[in-house]
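Please read the structure below before turning to the comments.
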Amino acid sequence: MNRGAQTVLLLVLFTVAGCGNGFNGHKPAAPTAAPAPANAPGPHANMQGRGADFRLFDGDPTSGPARRPRLWLHVDSFALAEENIWSFKNAHAVIYGRDAQMQDMFLEAGGGSYQEAKSAYLKDGVVAKIGDMELKLRDFEWLNDDGLAKSDYPVSIKTPGSELKASSVRLYHKEKQIVLTDVTGTLRLERAKQ
């Protein structure tokens, strides 16, 4: 092949390369990274396990023997979702009464999350029991600094003498009060025996 033919062939190759892929004399854009799959492990994917206990304590300083927590939470499996926030499955929890006159609340849930030293959030078929009272809830959140347990979704409450439904519930730990909103249902009142 002579030198003139080689030059023409090179010009044809450059022209063809310049016409393809929108090059047209401009630098091609830098390749973009492919989006991560939705089920790709996050930065804390290795922080997971089975069977753990989480506790939230009253923030007031005390001296003397070890104190019991405000909330104790046992979970079947857990994973670190974000810094200081753990997600979990299959939970059993206790919100302890403030004193001997206040009964403990026992809870079960299918899942939820726990934020260290701040809160616990229960969801997926939450059942709470205080003595002979049973509450069925969509979710239930414990805010440790406020000493408040709450749900803004409908709740059903059963006792031996009542069946109630409410649009939300608040349990004020310090005041030993349960507050329901938009309550409907039946409540049996017994006359005091003389």
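A short reminder: the numbers here are calculations on the coordinates, not readings from a lab. On a predicted model such as this, the values are computed, not experimentally measured, just so you know. Note that we place each Cβ from the backbone using ideal geometry, even for glycine, and neighbour counts take in every protein chain shown.
Each Cα pair under 8 Å and six or more residues apart adds its separation to the average, and for region 137-177 the resulting relative contact order is 36 percent.
What order, most packed first, do the peptides 172-180, 128-136 have when packing is the mean number of other Cβ atoms within 10 Å of each residue? Please report the intermediate quantities before stating the final value.
Values: 172-180: 13.7, 128-136: 16.1.
Those peptides, ordered most packed to least, come out 128-136, 172-180.
Relative contact order for region 60-194: 13 percent, from Cα pairs under 8 Å spaced at least 6 residues apart, divided by residue count.
Over the C-alpha trace of region 126-194, radius of gyration and Dmax come out as 13.1, 45 angstrom.
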